[in-house]
1. Take the residues of the range 119-137 that are over 16 Å from the mean Cα position of the chain (by Cα) and under 14 Å from residue 48 (Cβ atoms): which is modelled with the lowest pLDDT?
2. Anything in the range 33-44 that is open to solvent by less than 20 Å² (accessible area, probe 1.4 Å) and either more than 17 Å from residue 117 (Cα to Cα) or small (Gly, Ala, Ser) (or both)? List them, or say none.
3. Can you tell me which of (1) modelled with pLDDT of 95 or more; (2) in a strand (DSSP E or B) is the one residue 140 doesn't meet?
4. Hey, among the residues in the range 85-100 that are closer than 24 Å to residue 208 by Cα and among the hydrophobic types (A, V, I, L, M, F, W, C), which one's most open to solvent (accessible area, probe 1.4 Å)?
5. What do you reckon, is residue 113 open to solvent by 30 Å² or more (accessible area, probe 1.4 Å) and not in a helix (DSSP H, G or I)?
6. Scan the range 184-201 and give yes if some residue there is assigned to a loop (DSSP other than H, G, I, E, B), under 21 Å from residue 7 (Cβ atoms) and among the charged types (D, E, K, R), otherwise no.
7. Could you check the range 17-32 and list, in sequence order, the residues that are of a type in the set (Ser, Thr, Tyr) and in contact (Cβ under 8 Å) with a residue 40 or more places away in the chain?
8. Of all residues in the range 45-79, count the ones that are open to solvent by 60 Å² or more (accessible area, probe 1.4 Å) and closer than 23 Å to residue 146 by Cβ.
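The values are calculated or read from the model by the stated rules, or taken from the named source; none is laboratory data. Quick caveat, the model's predicted, so the values are computed rather than measured. FYI the Cβ positions are ideal-geometry reconstructions off the backbone, even for glycines, and counts take in every protein chain you see. In case anyone asks, the SASA skips ligands and DNA or RNA and just uses the protein heavy atoms, side chains included. Shrake-Rupley method; radii C 1.70, N 1.55, O 1.52, S 1.80 Å.
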Amino acid sequence: MFGPAAARSFEALAASTSGRVGLTVAPLGSGSAESFGSLRTGHAWSSIKVPILVTLMRDRHEDLSPEETQSAAAAVEASDNDAAASLFRQLEGIHGGLQGASLAVQEVMAQAGNAATVTTAPPPAGAVSTYGQTEWSTEEATAFYRALANGCLLGSGGTEYVLGLMRDVTPEQRWGLGEAAFDPGWSVEIKGGWGPEAETGAYLVRQSGLIQSGSRGVAVTLIAEEGSGSFEAGIGDLNRMGAWLAENLRGLGSSADGC
């Protein structure tokens, strides 16, 4: 996916920031993921709203109620916390409370190759959920979105529904991959997450997404924690990484090869 100078180029980008950054890219078809940068894990924050939606869709056999459909759109497109909480409450009702709902999401993530991800953690002051505190590595987040795109978690209709929401993310959240100058013929699906880390108060900003053309594509996760601690600086780092990816990605590889 990348040329021999890509690692050195990313090291230069990382050195120019005042914090830590990381990026993982995996082809939808054959081939291994490649990771760059020193930051490889962090709280999922709102990026876990997609696994929550996918879990509920599986429980509902991809037949959401009108209210759930409205919440799904708000949770993914606008990253609305109340909408995501509404979806999670449905999971709690199905699975017998917080622990059961968390385990249900965890099992779906494990099916996508996220064996190390545990989805229940006590929220610190200022956090709005337990699930947002999930420690999610860039490798496992990328594996989840790769599995989603390859139809390993939902049927074709359900998969396209979720990817459609990710394509329609609200303009003010279309940073990172959404800002990058990819081939105009490629589709870009994204979901971001951000929040202050309890230990430092610094914002961790992350985004996972898909870049696709027909059956070919890559899954990507970007993550940053700026030295200044600001949300805006973290977004700036993700924008720079998205631009780096657009410059260094050598096509979209082979066609997706299933689960």
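1. Taking the range 119-137 as the starting set, the residues that turn out to be over 16 Å from the mean Cα position of the chain (by Cα) are 120-130.
From the residues that got through so far, the ones that are under 14 Å from residue 48 (Cβ atoms) too are 120-121, 123, 127-130.
On the way: 120: 67, 121: 61, 123: 67, 127: 65, 128: 68, 129: 82, 130: 87.
Filtering the range 119-137 for residues that are over 16 Å from the mean Cα position of the chain (by Cα) and under 14 Å from residue 48 (Cβ atoms), the one modelled with the lowest pLDDT comes out as 121.
2. So in the range 33-44, the residues open to solvent by less than 20 Å² (accessible area, probe 1.4 Å) come out as 36, 39, 42, 44.
If the condition is that a residue be open to solvent by less than 20 Å² (accessible area, probe 1.4 Å) and either more than 17 Å from residue 117 (Cα to Cα) or small (Gly, Ala, Ser) (or both), then 36, 42, 44 are the ones that fit.
3. The one condition residue 140 does not meet is (2).
4. Among them, the one singled out is 85.
5. On the way: open to solvent by 30 Å² or more (accessible area, probe 1.4 Å): yes; not in a helix (DSSP H, G or I): yes.
Spelling it out, residue 113 is indeed open to solvent by 30 Å² or more (accessible area, probe 1.4 Å) and not in a helix (DSSP H, G or I).
6. no
7. Filtering the range 17-32 down to residues of a type in the set (Ser, Thr, Tyr) leaves 17-18, 24, 30, 32.
If the condition is that a residue be of a type in the set (Ser, Thr, Tyr) and in contact (Cβ under 8 Å) with a residue 40 or more places away in the chain, then 17, 18, 24, 30 are the ones that fit.
8. Residues of the range 45-79 open to solvent by 60 Å² or more (accessible area, probe 1.4 Å): 58, 60-63, 66-67, 70.
Adding the requirement that they be closer than 23 Å to residue 146 by Cβ leaves 58, 62.
Residues in the range 45-79 being open to solvent by 60 Å² or more (accessible area, probe 1.4 Å) and closer than 23 Å to residue 146 by Cβ: 2 in total.
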